[in-house]
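Heads up: the structure comes next, in structure tokens.
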Amino acid sequence: MEEIRVSPDYNWFRSTVPLKRIIVDDDDSKVWSLYDAGPKSIRCPIIFLPPVSGTAEVFFQQLLALSGWGYRVISYPVYWDLLEFCDGFRKLLDHLQLDKVHLFGASLGGFLAQKFAEVTHKSPRVHSLILCNSFSDTSIFNQTWTANSFWLMPAFMLKKIVLGNFAKGPLESLNQSELASRLTLNCQNSYVEPHKIKDIAVTIMDVFDQSALSPEAKEEMYKLYPNARRAHLKTGGNFPYLCRSAEVNLYIQIHLRQFHGTRYAAISPEMVSAEELEVQRTQLSNDSESDVES
């Protein structure tokens with residue numbers, strides 16, 4: 001991350017996109033940090049949720065390249081419980097006046113995105129999911145027995161756990177409570193209930209080279225979402241959105257294109273050609289007719 005922080009692109013990002021801090025809970029210590037780029041007229045933007053070892057800025061390449069799509073990148077505050085996180089995130093969407101959103105989640109961020117979609121399934125707030133190097137069951141990390149003790153551990157020990165079990169990242173920017181709460185969320189005994197989010201469009205993005213995610217965890221995701229689109233990258237490790245950003249951005253655009261011309265488009269209508277909108281409307285009409293026939 002140090003090489004990235006001295007890059008011209010990163011410095012341009014930090015100088016042009018302000019970091020906002022928002023409090024939505026009664027507890028003033030819980031501060032949501034987010035970058036908000038693109039037209040505010042877009043009512044169903046895509047929101048990025050970072051992994052255990054990342055902050056909102058790890059997605060700066062996506063903001064720079066696709067800010068015309070109304071991107072909002074969020075780093076979550078200190079939450080110790082999944083339902084507490086979901087309640088806080090729902091309040092944040094209310095504060096931003098967003099009824100529904102598309103979520104891109106990396107690793108822990110992807111797990112939280114799935115859980116938020118699951119918790120809000122009766123009054124849906126998630127229109128689609130892009131799950132990057134993500135998982136559906138926290139037991140794969142074999143750390144559930146230590147989840148309740150992370151808050152006691154000093155920062156250096158927490159960093160050692162992250163480096164040994166998850167992914168190396170910009171850990172120096174996370175304090176003890178942030179690291180401890182993320183590890184707690186990551187390792188609390190929990191799993192996704194797919195039947196509650198079966199109607200949500202999903203793209204699963206993963207890499208073929210080495211990452212913190214085991215082949216078994218990847219296969220489990222494929223089984224959980226048999227109808228999901230798959231986006232495979234030959235390389236990219238734990239942070240493909242940083243080192244293979246052009247390919248990741250392309251896959252994001254392909255995923256979001258299916259919503260062009262609808263109220264859930266994450267792109268300004270002025271950015272879409274009339275020909276593409278006509279094709280999209282025809283496709284939607286054909287899909288509706290197929291549903292009626294079946």
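The values are calculated or read from the model by the stated rules, or taken from the named source; none is laboratory data. Here the structure is a predicted model, which is why all the values come from computation and not from measurement. All Cβ positions, glycine included, derive from the backbone under ideal geometry; neighbour counts span all protein chains shown. Accessible surface is based on the protein model in full, side chains and every heavy atom, while ligands, DNA and RNA are left aside. Shrake-Rupley method; radii C 1.70, N 1.55, O 1.52, S 1.80 Å.
Miscellaneous remarks
- Segment Thr235-Asp28, extension gain: residue separation times 0.36 nm, minus the distance between their alpha carbons: 70.4 nm
- Spin-label model, Ser15 to Arg43: label points 7 Å out along the Cα-to-beta-carbon direction sit 3.7 nm apart.
- Cα-derived Rg to Rh of the range 7-84, Kirkwood definition: 0.99
- Within the shell defined by Cβ-Cβ distances under 13 Å, the residues around Pro39 carry a net charge of +1, with Lys and Arg each +1 and Asp and Glu each -1.
- Principal axis dimensions, largest first and in whole angstrom, of the range 1-146 by Cα: 43, 35, 31
- Label-point gap, in nm, between Ser268 and Asp209 - each point 7 angstrom along Cα→Cβ: 3.6 nm
- Where labels lie 7 Å past Cα in the beta-carbon direction, separation of Leu250 and Ile140 in nm: 2.5 nm
- Which of Trp12, Trp69, Trp32, Trp80 is most accessible, then next, and so on - probe 1.4 Å: Trp12, Trp80, Trp69, Trp32
- Beyond 26 Å in Cα-Cα separation lie the following of the pairs Lys20/Lys91; Lys91/Lys234; Lys122/Lys218; Lys91/Lys115; Lys30/Lys100: Lys91/Lys234; Lys122/Lys218.
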